[in-house]
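In what follows, a single structure is set out as structure tokens and then discussed.
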Amino acid sequence: MILNRKKALSTLLCSALIMFGLSTQAGAAMVQFNLTPFTGDPTEATITVDDMINAGFFTVTVKVDDTNTGNLGDITGVFFDAGGATKGQLLTTADITGITDPHIGFDTNTSNLGGGVNLNGGGANNPGTFDVGVRFDGNNAGFFSTIEFRIADPAANVNLELSDFSRFALRLQTVGSAPNGGDGSSKLVSGGPTSVPIPNAALLFGTGLIGLIGLARRKKINQHK
């Protein structure tokens, strides 16, 4: 009877460890980037890349945040690095889908998408070129301070992974006070990813695992009394 209990408890502990490991991996399925201007008017933005919201896609969510600056801006260009010439630069315009604001331009190894959607300026702070640039319709389609788009999981020879996304830049026009902006302009860049959130499921599994370990120890102590 004691052996059966030990075996059952051992199985439960192993299952909890496996589930905790899986849930922790799920927590690494989102990365976040914080962006600030390298030239132009004061603005801030966050970008998250998530590979779990839509199976087979990376979902990119871009949000201009007016909390600290009081300014919003119309997102007209998103630039990102994702693995260089052997990965991100192999993407094509057809890989960009599910866009809030119409997608009217695409290029690789770029910092200039035309129509004023570029990363020029900033002197020594200029971030240079990026693996991919995506241009949006901007003012012609409305004012978009938040957009979402998907990057198709490319062919096996590309093997793009979440960890390949290393930095982002934004081109904002019509920058000004919320809710509709103004006549300003801003160009923003991020550093590397700043957070990898762990979902509540991972915390629950971790708590349960600790409880199971504690229970096993108490049983062992009681058996030796």
The stretch 152-177: number of residues that are modelled with pLDDT of 90 or more and of a type in the set (A, V, I, L, M): 5
Quick check on my filter: what residues within the stretch 61-70 are out of contact with any Pro (no Cβ under 6 Å at 6 or more places or on another chain) and surrounded by fewer than 23 Cβ atoms within 10 Å (Cβ to Cβ)? Thr61, Lys63, Asp65, Asp66, Thr67, Asn68, Gly70
Before we move on, is Gly121 of a type outside the set (A, V, I, L, M, F, W, C), in a strand (DSSP E or B) and at pLDDT 95 or above? no
Give the number of residues within the stretch 72-98 that are within 21 Å of Val175 (Cβ to Cβ) and surrounded by fewer than 19 Cβ atoms within 10 Å (Cβ to Cβ). 0
Of the criteria (1) surrounded by fewer than 18 Cβ atoms within 10 Å (Cβ to Cβ); (2) under 20 Å from Pro127 (Cβ atoms), which one Ala45 fails: (1)
Only one of Gly142, Gly114, Gly182 is at pLDDT below 90, assigned by TED's automatic domain parsing to the domain that holds Phe38 and exposed (fewer than 15 other Cβ atoms within 10 Å of the Cβ); which? Gly142
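Report yes if Thr129 is modelled with pLDDT of 95 or more and over 20 Å from Phe38 (Cβ atoms), otherwise no. Walk me through how you get there before you give the answer.
On the way: modelled with pLDDT of 95 or more: yes; over 20 Å from Phe38 (Cβ atoms): no.
Here the answer is no, as Thr129 does not meet what is asked.
The values are calculated or read from the model by the stated rules, or taken from the named source; none is laboratory data. On a predicted model such as this, the values are computed, not experimentally measured, just so you know. Note: ideal-geometry Cβ built from the backbone for every residue, glycine included; neighbour counts use all protein chains shown.
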